[in-house]
Every structure is written in structure tokens, then in C-alpha cells.
Amino acid sequence: MAILEVHHIEKHFGATRVLEDISFDLEQGQALAIIGSSGSGKTTLLRCLNFLEKPDKGTISVASNLIFDAADPATQRESEVRKKRLHFGLVFQSFNLFPQYTALKNVTLARELLAQEQPDFKENKKKILEEIQADGRDLLAKMGLSERAGHYPSQLSGGQQQRVAIARALALHPDILCFDEPTSALDPELTGEVLRVIRELAEQRTTMIIVTHEMAFARDVADQVIFMDGGVIVEQGDARQVIEHPREERTRQFLARYAEG
């Protein structure tokens, strides 16, 4: 069963068409890697899925529930969009941690704010916050950061900061975890530790969309690969098949340039 169905998404910035007729499905427990050159529309697609950008056309469904229809204003109310973002956890390229908060606080903050909106929060505040803190510590432990819970971002390496960002995205239990070039801001020696975490999540059958320039990682970890160029999907299919035996000439040219670079 598809956890995510994306149909005919388009996005324009003025006269520039950034996404054109983007359609794909993602099964529960699968990892999808999106590859392509800079400017191909990969990041814009993730931002549309997280409603940081509003698609101009198309529909998005999660678990068979239509959550966005560009032709239906009722699906685009700000109050509704805020709720719909909870379906997607997004890990940015540049960590985006709050520098004034510890690693643990960065992980728990969003959940704490949401908890305050619950009708029973005042009555059960202590218990609720203790549970959130315990879950946050568990997530940091899974990221190998138990000893860093009280550290501030400036006291962490880039790889550690990105692992905190992953824990933060997981804290709200999203249906789909999205990564936007998660290693692009890291030195080569720190890239491996973040890729190991993502690999472990894939082994645990976490549903993920990963925009990446790590071709070998995409081939070995993802179930599916989408190759984008010029705002369109040129090729999609089994990860190993697309990367090792691409059908489309544009895909072959991209992979050849990557191998040469």
C-alpha cells in the first residue's frame, strides 16, 4: 500500500517552471532516493511535500487521504497546512538547529509546543514533559549522542549536529522522513557517520525520501531512485537498475559526469 501518492505536481516561480508533472508513489517502509544536477528541482519538490512551497498544480495523498489539491482551496488553509506538515519530517542541508538550546532541547522543542495545545496539558504538564524528555533522550541515544544531550550546537561537530537534526525530525513520528542533501554541508570524514545513521533507518524500514549526491549510497540503500533533470522526472525505478543500467540517455549522461567528477 502506498503511504505517499504524488500526482501531477507543478511549481512555477514567475515564468520559470521548476517542477513539471511530477508523479510518483512511495510504499510504506521504502526508501526513495532523488538524484539529479543542481537546479533540477529536487529541493523544490521536497519543499512542496513539506508545504514550505505551495504547488501550483497537482495532488498529494498520505495513507490514501488527500491532504493537498491545488484546485481545492479548502486543502490549503494555513491551519490545515500546519497539521499536514506533521506527516513529513525534514532534515535540512544546513542543520538549522537553534543555537541557544541544547541538543536535547532542539529535539524536544516542537513536541513540547504541540503538547501545550492539548486540553489536558496544564493538568498533566509534569508527566507529559517527562515523557517527551525521555523520548528525546532515547532518540539521541539511537543517534549515538547520549553524552551530548546537554551540549549546544556550537559544541558539536557538523556530523553530530546533523544527527541531532535527524533526531529532531523523528521526534514528531512523521509518516515520511525527508532528507535534503544531508551530507552536503559536512567534511568528507563526517559524511560517513550521517550516512550510517540513514542506512540504519533504512534497515529498520523507516519510510524515507533522500535527496542525495551520494550515488553508491543511493544504489545500496534506496529501494527506488528518481532521476530529475530540468524540473521533470526523466527516469524512475529500482535503485540498482537505474544507477547501474539506466534506460534514458539523460540519466546515463548525468551518471557519467558524476563518475568523471
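The values are calculated or read from the model by the stated rules, or taken from the named source; none is laboratory data. Predicted, not measured: the structure shown is a model, and the values here were computed from it. Cβ placement follows ideal geometry from the backbone for every residue including glycine, while neighbour counts extend to all protein chains displayed. For accessibility, only protein heavy atoms count, side chains too; no ligands or nucleic acids. Shrake-Rupley method; radii C 1.70, N 1.55, O 1.52, S 1.80 Å.
See the values below:
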read-out	value
Region 50-60: number of residues that are modelled with pLDDT of 95 or more and either open to solvent by 20 Å² or more (accessible area, probe 1.4 Å) or under 14 Å from the mean Cα position of the chain (by Cα) (or both)	3
Matching residues, region 215-227, being surrounded by fewer than 16 Cβ atoms within 10 Å (Cβ to Cβ) and of a type in the set (A, V, I, L, M)	ALA216
Output for region 1-25, where each listed residue is hydrophobic (A, V, I, L, M, F, W, C) and closer than 17 Å to ARG47 by Cβ	LEU4, VAL6, ILE9, PHE13, VAL18, LEU19, ILE22, PHE24
Of residues in region 203-214 being buried (at least 19 other Cβ atoms within 10 Å of the Cβ) and of a type outside the set (D, E, K, R), the one farthest from PHE227 (Cα to Cα)	THR207
Qualifying residues in region 103-144 (those that are at pLDDT 95 or above and of a type in the set (S, T, N, Q)) - the one most open to solvent (accessible area, probe 1.4 Å)	GLN133
Unique residue being modelled with pLDDT under 95, touching a strand residue (DSSP E or B) at 6+ places or on another chain (Cβ under 8 Å) and of a type in the set (Phe, Trp, Tyr) when the list is PHE92, PHE24	PHE92
Filtered residues of region 70-79 (kept if of a type outside the set (A, V, I, L, M), open to solvent by less than 60 Å² (accessible area, probe 1.4 Å), assigned to a helix (DSSP H, G or I) and out of contact with any Lys or Arg (no Cβ under 8 Å at 6 or more places or on another chain))	THR75
Of residues in region 228-239 being among the small types (Gly, Ala, Ser) and open to solvent by 10 Å² or more (accessible area, probe 1.4 Å), the one farthest from HIS173 (Cα to Cα)	GLY230
Residues (open to solvent by less than 10 Å² (accessible area, probe 1.4 Å) and not β-branched (Val, Ile, Thr)) located in region 180-200	PRO182
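A quick yes/no check of all residues on (1) under 21 Å from LEU19 (Cα atoms); (2) touching a Leu at 6+ places or on another chain (Cβ under 9 Å); (3) among the charged types (D, E, K, R):
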{"position": "MET215", "(1), (2), (3)": "no, yes, no"}
{"position": "VAL221", "(1), (2), (3)": "no, yes, no"}
{"position": "GLY231", "(1), (2), (3)": "yes, yes, no"}
{"position": "ILE243", "(1), (2), (3)": "no, yes, no"}
{"position": "GLU248", "(1), (2), (3)": "yes, no, yes"}
{"position": "THR251", "(1), (2), (3)": "yes, no, no"}
